[in-house]
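FYI, it's all coordinate maths here, none of it is from the lab. Every value quoted in this text rests on a predicted model; they were computed, and no experiment measured them. Neighbour counts are summed over all protein chains in view; Cβ atoms, including those assigned to glycine, are modelled from backbone coordinates with ideal geometry.
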Amino acid sequence: MRVAVLQFPGSNCDQDALWSLRDDMGVQAEYVWHEGDSLAGFDAVFVPGGFTYGDYLRCGAIAARSPIMAEVKRFAADGRLVIGVCNGFQTLTESGLLPGALVRNEEQKFVCTTIQLAAVNKTSAWTSQVNKVLNIPIAHGEGRYICDDDTLKSMQDHDQIAFLYVDPHGEPKESANPNGSVANIAGILNAQGNVLGMMPHPERATKQILGEIDGQLILSAFQRVLA
């Protein structure tokens, strides 16, 4: 089983994703260039973080229109696993694979720290193994998730909220929200539950030498579903 790690001009987390999957999760992963038009031979997709195209226009806006994203949409429609992290999350919203948008952090500052996450959805491949508060790094300037009230209600009703920013006790308090995201949202799912977008970086929390291994609980979806 193989995971495609997409590469765009300006990506800088593609290596993090590739080696995290290969070394720490035991998953076969290969790069796929953004100008490609095929994902033949791959079983899942990782859309990594970074600053694709220098974040011109809007974060992820140009990447969302790359040729490979047509194949990613087909993958998603087939029910296969797709994850977008940080700039990858922005790309998924810009492509229409996930609802809402990511905008400048509320305090207009780049935030680089470790935060706590709690899973809201308990049934998706991405969240079913998350049974505790996770410590996961973030690093973004445009990570504030926004959507209108109707979209928020629909996501809540259909169990599409994957992760919330929480305090160490698992409470989604305002003080635990690093960027001002609506309802403390840190990650969301599509209606089928196979596509996950999240601002925190689970691929940076899979090796003890880096300080955290909680990201393994999220990325283990590849091992279980693709086994």
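Brief remarks on what is shown
- In the elastic network of the chain, a GNM with C-alpha springs shorter than 10 Å, the most mobile of 60, 79, 180 is 79.
- Between residue 173 and residue 208, the FRET efficiency from the beta-carbon distance, with R0 = 25 Å, is close to 0.30.
- Paramagnetic label reach from residue 74 (point 7 Å along Cα→Cβ; backbone nitrogen cut-off under 17 Å): within segment 30-63, residues 32-46.
- Between segment 56-90 and segment 150-227, the alpha-carbon center distance in angstrom: 17 Å
- Cβ-based exposure ranking for 218, 138, 209, in which fewest neighbours within 10 Å come first: 209, 138, 218
- In the chain, lysine pairs closer than 19 Å at Cα, eight or more apart or cross-chain: 4
- For residue 205, the amide hydrogen comes within under 5 Å of the amide hydrogens of 215, counting only partners 5 or more places away or on other chains and with H modelled in the peptide plane.
- Burial order of peptide ranges 86-97, 43-54 (average beta-carbon count within 10 Å, highest first): 86-97, 43-54
- Dipole size of segment 1-150 about its Cα centre, with +1 on Lys/Arg Cβ and -1 on Asp/Glu Cβ: approximately 200 debye, rounded to the nearest 20.
- Long hydrophobic helices in the chain: none of the complete DSSP H runs spans 15 Å or more by Cα along its own axis with mean Kyte-Doolittle hydropathy of at least 1.6.
- Computed helical MRE - 222 nm, the chain, DSSP H runs ≥ 4 contributing -39500 (n - 2.57), nearest 500: -5500 deg cm²/dmol
- Couplings 3J(HN,Hα) for segment 177-194, derived from phi with the Karplus relation 6.51 cos²θ - 1.76 cosθ + 1.60 (θ = phi - 60°), are 8, x, 9, x, 4, 4, 6, 6, 6, 10, x, 9, 10, 7, 4, 6, x, 8 Hz, where x marks Gly and Pro.
- Qualifying GluC sites (Glu not before Pro) in segment 104-185, where qualification requires a DSSP coil assignment and no more than 11 other C-beta atoms within 10 Å, comprise 107.
- Tensor-based shape of the chain (alpha-carbon gyration tensor, a/c under 1.5 rounded, otherwise prolate or oblate): rounded
- Mean-square fluctuations from a GNM of the chain, with a 10 angstrom spring cutoff on Cα atoms, peak among 139, 118, 205 at 139.
- Beta bridges by DSSP in segment 2-226, antiparallel share as percent, to the nearest 5: 55 percent
- Applying both filters, DSSP loop and at most 14 other Cβ atoms within 10 Å, to the chymotrypsin sites (Phe, Trp or Tyr not before Pro) of segment 97-171 gives 110.
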